[in-house]
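Comments concern the structure below.
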Amino acid sequence: MSFPWAQHYQPKAPFMRWLDEKLPLPRLVYNAIGGGYPVPRNLNYAWNFGVLAGFCLVLQIVTGVILAMHYAPNALVAFDSTEHIMRDVNWGWLMRYAHANGASAFFVVVYLHIFRGFFYGSYKAPREMVWLLGVTIFLLMMATAFMGYVLPWGQMSFWGAKVITGLFGAIPFVGEPLQIWLLGGFAPDNAALNRFFSLHFLLPFVIAGVIILHIWALHIPGSSNPTGVEVKSESDTVPFHPYYTAKDGFGLGVFLILYCAFLFFMPNALGHPDNYIPANPMATPAHIVPEWYFWPYYAILRAFTADFFFVPAKLMGVMAMFSSILVWFFLPWLDRSPVRSGHYRPTFRKFFWVLVIDLLVLGYCGGSPAEEPFVMISQIATAYYFLHFLVIIPLVSAFERPEPLPFSITEAVLGSDKKAVLGENTTPAT
Amino acid sequence: MVRIIGFFVGLFFAVGVLWAFATGAYTVASQGYLKEKTAETEFHRHPAALHLSSDGPFGKFDNRQLQRGYQVYKEVCKACHSLNHVAFRDLAELGYSEAEVKAEAASWTVPGIDPNTGEETTRPGTPTDYFPKPFANDIAARAANHNAIPPDLSLMAKARHEGPAYIHSLLTGFTDPATYKNEDGKSLKQEFPDFQTPPGLYFNPYFANLNLAMPPPLTSDGQVTFKDGTPATVDQMATDVAAFLVWTAEPSLGKRHQTGWPVLGFLLFATVLAFLAKKQVWARARVRRD
Amino acid sequence: MATDTGTADSETLATEDGVRRRDFINIAAVSAAGAGAVITLVPLVSQMAPSKDVLAESTTEVDLTPIKPGQAIKAMFRKQPLFVRNLTAKEIAAANAVPLSDLRDPQSLEERTKDGKLNWLITMGVCTHLGCVPLGAGEGENRGEFGGYFCPCHGSQYDTAARIRKGPAPKNLEVPEYKFETDTKIVVG
């Protein structure tokens, strides 16, 4: 499972030796995120986001369990119980804002984590399984976040639930009964709210389980690195602890500063004012938008405004929206370039940045009202999105001429002419 | 195989969405404009800036202002608007003493139940009571207000974009549509000669669709006599009630700001330490010469 | 530090001046993280304490006028039953007749009532054994062998001063904090 030079867990205290014999849990941790896991020495700060995403999950579970102690999942009182948390519960406002902004923070770090993977080719063999599990986690996160947003039972909660379950109504033949089944009624009400609460509580633990698989799968080939060159010798790696625990500790500090700035000084900046209006089935808000992290997909959904041959526009939009994420599952087989890292792939690198801009444009359009020019812009951006993954990436990987790769990670870190002076206080490039 | 199928799936979606683009572009080209101009899109006004002591990361409430705002709510707004999430006991946060809160609560009439007969009746409020609703239910509210329900005000400052500024602008923004000009100096009457404010509604450019069921609530200076002697101009009353509604929407604002700074300070300190520790750990990362 | 390289380095360099400062930074960083975690526990723990609305409802007013001698009523105080009983002269005498040394939890009726209001016995209706509501406050309920209250859960018997006389309960029924606002009105809490 690991490199032959990985350090072995050697419990010193008698109790730890006893525990290691009966239940080698500390050994497991040591080999997973301790000194027993050799990691490429050249990981840059883009590699911090995995640990930060794990931290966000813990943050969401802790604050979420606390909120569930005070929240009442009933359509009559859900909104009031949320306000009760904000006003009367000791530190309730902190818990709720931490949870609401924690969801945004979670998505920020996960998006950065995913784009790190896109750029450095982390999805490629031998790490396809890591990637597949990662996309699964992302899908579960989206479902969890959506259901969580319904719980305060404000206007956006209600209409979000209605619109998103309405997506399933676009499926031919079974759509309408499926939507009614999902909601347990003809519109979102108590039944929907209760099941969303139940699933919103459950799914984070499922996510935690898949994360364990994700890390397990990662530890078989070991971590990727910015050069994309596989580890060749011991000098290419450092033990995870203390090197990356220290680096992640610093990264966590920077993350917490940014997160707390939002939490304490602009906790509603990423939310929508309409969600402070209690749910009203009789009046739709003028401008329904999901939370910011869904904006790109929302733009893709709305981009399909015309029927395409025999496929109705609504169904096209729904299919495209789901496909826009499902396509990620096939990425390891769409990109056949033998070179992993975007550092050495000049054409791929350019298209990568086009994709980043494309998604920002889609996000902006998704957050704007469904009117011109945003619809037309999002249509162009949607076309590019699908062409990028399904046409451009396979073609680029077939025709691109990669730049020369370094022989090894050590060489990439030190530069080939410095091999002679190995060993003197060399800090890896970060 | 994956790539061949993917290629066609990609083309399918791309062509599908570009087809939608083409139809959309054709419509735009044939109608000659991107977006239809209406009185609402052209003459709606963004709220004018409003500065309150609770603004910004150092903001905290000005209790005297909140007390004035409460007075405006009590003497003007409460006739139609509820304050569902606020209890009389919360008034203690505005600087009222326990006895004052009790007296204030008792000056309100809240629904109660006769302990002997069990019939619905009214009684003076106690600190644990919540502010009473002006209307028994939505139907009563509609019937009394030209078919519009006056919204609850507890969260109003958070439930609208630029909440407090919006409240202030709305309260002071009632005007005559015949003479109204927008920021660009265009006259509503000239651009949209057919524009009319239906009977029973009132023109207010800060309201999303320009016509509002609420009659101007603050009509004249001195409508309220402030206990602290502040001159009660319409602007002052609107500002104070906006400040009061910021408090009702988020009573924890002051505590949040107060907590935030030490937390950020600590995190900054801890992060600097973490950076130094990281540097020190990595100084040991040498490549072995074996 | 779990790494061989790391440990070896700090051991070999342990005598040099710089290392102490470096170790100090590591210890300080870890301590800061620990301190932060401990401070974070404050809101996480205190959110479970009673919220403001619960604390606000912690006083109850009771009007005594409708309670005739020999009668008792149950009121609600902090979401728990409160027994308000107007003792008859006979019941007062019975309570005073018991020598304090015979009691499990020795208290006189005077100590358990307010000055000059010996007939007004105000106690929590919560058995001190395991928290059941004793019988005896309602009309026609079993008042037990001692004419006070009787807890049906495990058979605790209280006398006319609501003192434990028999059964498993360790203490007398609790007298909450209260005061007479007027002669006919008390405020509990």
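The values are calculated or read from the model by the stated rules, or taken from the named source; none is laboratory data. None of the values given here were measured: they were computed from a predicted structure. As a convention, Cβ positions derive from the backbone with ideal geometry for all residues, glycine included, and neighbour counts pool all protein chains shown. Just so you know, the surface numbers come from the protein's heavy atoms only, side chains and all, with ligands and any DNA or RNA stripped out. Shrake-Rupley method; radii C 1.70, N 1.55, O 1.52, S 1.80 Å.
For the reader, a short list of remarks on this structure follows.
- Buried accessible surface for the A/B pair, both sides summed and rounded to the nearest 100, is 5900 Å² with a 1.4 Å probe.
- Reach of B:LYS227 by Cα under 23 Å, taken over lysines that are not fewer than 8 positions away in the same chain: B:LYS60, B:LYS74, B:LYS78, B:LYS102
- Mean Kyte hydropathy of -0.5 or more with a Cα span along the axis of at least 27 Å, helices from DSSP in chain B: B:2-31, B:253-282
- Every helix of 4 or more DSSP H residues in chain A counts as -39500 (n - 2.57), and over all residues that averages to -19500 deg cm²/dmol at 222 nm.
- For segment B:122-138, a drop of 40 Å² or more in accessible area on going from the chain alone to the assembled protein chains (1.4 Å probe) is found at B:THR128.
- Segment B:21-46 and segment A:139-188 have their alpha-carbon centroids 31 Å apart.
- Within a straight-line Cα-Cα reach of under 29 Å, B:LYS278 can be paired with the following lysines, leaving aside sequence neighbours fewer than 8 residues apart in one chain: A:LYS12, A:LYS232, A:LYS247, A:LYS418, A:LYS419.
- Helix-only mean residue ellipticity at 222 nm for chain C, each DSSP H run of n ≥ 4 adding -39500 (n - 2.57), per residue, nearest 500: -9000 deg cm²/dmol
- Nearest-ten-degree value, helix A:128-150 long axis tilted from longest Cα axis of chain A: 30 degrees
- Given charges at Cβ of Lys, Arg, Asp, Glu: chain A dipole, positive-most of A:ASN44, A:VAL238, A:GLY169: A:VAL238
- Fluctuation leader among A:GLY117, A:GLY175, A:GLY134 - chain A, Gaussian network, Cα springs under 10 angstrom: A:GLY175
- Alpha carbon centroid spacing (whole Å) that separates segment C:110-136 from segment A:366-409: 78 Å
- The heavy atoms of B:TRP261 present about 100 square angstrom of accessible area, all protein chains included, probe 1.4 Å.
- In sequence order, calculated HN-Hα J values of segment A:113-122 (Karplus, 6.51, -1.76, 1.60; Hz; x Gly/Pro): 4, 5, 6, 4, x, 4, 5, 8, x, 5
- Cα-based shape type of chain B, given that a ≥ b ≥ c are square roots of the gyration tensor eigenvalues and the cut on a/c is 1.5: oblate
- Angle in degrees between helix C:17-46 and the longest Cα principal axis of chain C, rounded to the nearest 10: 20 degrees
- What separates the Cα centres of segment A:264-286 and segment A:49-126 is a distance of 18 Å.
- For chain C, the Cβ-based charge dipole about the Cα centre amounts to some 840 debye (Lys, Arg positive; Asp, Glu negative; other atoms uncharged).
- Ranking C:LEU41, A:LEU140 by solvent-accessible area of protein heavy atoms (1.4 Å probe, all protein chains present), from largest to smallest, gives C:LEU41, A:LEU140.
- Cα-based reach from A:LYS162 at 20 Å (exclusive), listing aspartates and glutamates while leaving out same-chain residues under 8 positions away: A:GLU176, A:ASP189, A:ASP274, A:GLU291
- For B:ALA159, net neighbour charge (Lys/Arg +1, Asp/Glu -1) across residues whose Cβ lies under 10 Å away: 0
- For chain A: rounded, prolate or oblate by the Cα gyration tensor [a/c cutoff 1.5]: oblate
- Net charge dipole size for the protein assembly as shown [Lys, Arg +1 and Asp, Glu -1 on Cβ; Debye, nearest 20]: 2320 debye
- Gyration tensor verdict on the protein assembly as shown (Cα atoms; rounded if a/c is under 1.5, prolate if a/b is larger than b/c, oblate otherwise): oblate
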